[in-house]
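J.: Quick one: this structure, given as structure tokens, is what I'll be asking you about.
The values are calculated or read from the model by the stated rules, or taken from the named source; none is laboratory data. Quantities reported herein were computed from a predicted structural model and do not represent experimental measurements. Cβ coordinates were reconstructed from backbone atoms using ideal geometry, including for glycine residues, and neighbour counts include every protein chain displayed. In case anyone asks, the SASA skips ligands and DNA or RNA and just uses the protein heavy atoms, side chains included. Shrake-Rupley method; radii C 1.70, N 1.55, O 1.52, S 1.80 Å.
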Amino acid sequence: LSSGFAALKHLEQLDRKDAAEDDRPEPSDEQAQGKRHLLPGLGSEKAGKLLAACVAEPSLLSAVYWVVCGHALVGKALPAELQVRTLEFVLSCQCQSGGFSPHPNHPAHILPTLSAVQLLILLGRHDMLEVGGPCRAEEIISYVRSLRLPDGSFRGRTAVASEGDCRFVYAALCTLSLLSALADPDGDSQVLDETVAWLLRCQNLDGGFGCRPDGECESHAGHTFCSLASLRLADERSKLSLPPRNRSRLVRWLCDRQCGTAGGLNGRPGKAPDVCYTWWTLASVELLRGSCGKASTETAADLVDELDMADFFELSDLRGFIAKCMCSAGGVSAHPGDDPDPFHTFFGLAGLSLLDHADSSRTGAKPWLASISPVVAIPVAMFHRLRFIMEHHEDMVDVQTEVWMFALPLRGTPR
């Protein structure tokens, strides 16, 4: 995270340098040869990092969430300076619409909006998510609801050409849930029913879910997670009440994600295992377990809630694959031998957290990672604290957010 902020500083320097040279005459060959040394220490390695930072702008706010949430899972606090700079960066990404952009130079989008809300919770700044607070929660809610389409799905941004996608549905419902705003403001109970119906249409004949309904897109582990988590958020009473045959197909499809001797999980048939699918797949199984409710006929699929994670996968093989993806210099890579990155580091840790806690309930071993919610993707302890604060807000005059990280006030903002 610190390197990321440093890279952004270098980018600003390059922008200023380029602007100053726009009106200058073409340099000579000797001048051009020395131009690369105008920024001290800017060698090929740093230049590559700057390029990576440029490419990452469309997902930068989410990348910050991956880093901060990863810190939360391992129980390490961010340095105080990074905490303040992270909070400042999050606030700089809020747009007039109430939504958040991935970077101050980009328009608002539903994905960074969810990341911003998750980050504020991780940073212990629940006060900023209050109605009338610094982040204008009522405007965030209004922005998210404006992205809802007539068929019950959500689009990612306000562009007319945008279409519904289960990833955007999940981001929208998760954001509203974290802000305690899932209920329709007009009291129309059918609004979420339409969303549930749209999501159920995303399930394909093989049992997995695609990002669009009616077989338009192939099944994918990431889309399956987004659909199942959205169904849980949209209608907790239904407890993911898929028809028995659909549930059986889904269970089989999820089990088939483990790749032979490699031990890792892939996102769809025929693909190599990737450490990030440890999260998408295990979280999907966790959403199924304990969510069946009563069924008219008892089948193997109806008994999913009685099964352990070990009944779905060879956990020792999966744990071995994750270990091979861990790099000696730190971080987790997508595949053994690759370079690590924040995305796969976080989702590898998140999946390992689910794996550790599943093992703990079976063997009694103490997990080394914090428990993470398979629904909202933040540590369970922080999610429970958020719910307590939301439910008792009127009785709490001054909430001191005693999370493990920090509650430093931003310059000029209320606690």
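J.: Within the range 54-99, how many residues are among the acidic types (Asp, Glu) and touching a His at 6+ places or on another chain (Cβ under 8 Å)?
T.: Number of matching residues: 1.
J.: Given the condition open to solvent by 50 Å² or more (accessible area, probe 1.4 Å), acidic (Asp, Glu), assigned to a helix (DSSP H, G or I) and over 26 Å from residue 276 (Cβ atoms), answer yes or no: does some residue in the range 227-237 qualify?
T.: Taking every residue of the range 227-237 in turn, at least one turns out to be open to solvent by 50 Å² or more (accessible area, probe 1.4 Å), acidic (Asp, Glu), assigned to a helix (DSSP H, G or I) and over 26 Å from residue 276 (Cβ atoms).
J.: I'm trying to understand the selection: among the residues of the range 91-105, which are open to solvent by 20 Å² or more (accessible area, probe 1.4 Å), among the polar types (S, T, N, Q) and either in contact (Cβ under 8 Å) with a residue 12 or more places away in the chain or in a helix (DSSP H, G or I) (or both)?
T.: If the condition is that a residue be open to solvent by 20 Å² or more (accessible area, probe 1.4 Å), among the polar types (S, T, N, Q) and either in contact (Cβ under 8 Å) with a residue 12 or more places away in the chain or in a helix (DSSP H, G or I) (or both), then 92, 94, 97, 105 are the ones that fit.
J.: Select, from 125, 148, 136, 157, the only residue that is on the phi > 0 side of the Ramachandran plot and charged (D, E, K, R).
T.: 136
J.: Follow-up. Looking only at the range 330-361, filter to residues that are in a loop (DSSP other than H, G, I, E, B) and in contact (Cβ under 8 Å) with a residue 40 or more places away in the chain; which one of those is surrounded by the fewest Cβ atoms within 10 Å (Cβ to Cβ)?
T.: 335
J.: Test residue 132 against the criterion of being of a type outside the set (Phe, Trp, Tyr) and either within 22 Å of residue 382 (Cα to Cα) or modelled with pLDDT under 95 (or both), and give yes or no.
T.: Yes.
J.: If you don't mind, there's one more thing I want to ask. Residue by residue through the range 192-209, note down the ones that are crowded, with 19+ Cβ neighbours inside 10 Å, touching a residue at least 40 places away in the same chain (Cβ under 8 Å) and in a loop (DSSP other than H, G, I, E, B).
T.: 207, 208
J.: Determine which member of the set 171, 108, 116 is open to solvent by less than 50 Å² (accessible area, probe 1.4 Å) and touching a Gly at 6+ places or on another chain (Cβ under 7 Å).
T.: 108
J.: What number of residues in the range 315-329 are loosely packed, with under 12 Cβ neighbours inside 10 Å and within 13 Å of residue 261 (Cα to Cα)?
T.: Count: 1.
J.: Can I ask one more? State all residues of the range 145-156 that are crowded, with 20+ Cβ neighbours inside 10 Å and either basic (Lys, Arg) or assigned to a helix (DSSP H, G or I) (or both); if no residue qualifies, say none.
T.: Correct list: 155 only.
J.: Then there is this: Taking residue 165 as meeting all but one of (1) touching a helix residue (DSSP H, G or I) at 6+ places or on another chain (Cβ under 6 Å); (2) closer than 25 Å to residue 66 by Cβ; (3) crowded, with 18+ Cβ neighbours inside 10 Å, write down the number of the exception.
T.: The one condition residue 165 does not meet is (1).
J.: Please verify whether residue 142 is open to solvent by 10 Å² or more (accessible area, probe 1.4 Å) and modelled with pLDDT under 95, treating the condition exactly as stated.
T.: Against the criterion (open to solvent by 10 Å² or more (accessible area, probe 1.4 Å) and modelled with pLDDT under 95), residue 142 does not qualify.
J.: Could you check the range 150-206 and list, in sequence order, the residues that are farther than 24 Å from residue 131 by Cα and of a type in the set (Gly, Ala, Ser)?
T.: Matches in the range 150-206: 152, 153, 159, 161, 162, 164, 197.
J.: Can you name every residue in the range 248-273 that is surrounded by fewer than 19 Cβ atoms within 10 Å (Cβ to Cβ) and of a type in the set (Gly, Ala, Ser)?
T.: 248, 260, 262, 270, 272, listed by residue number.
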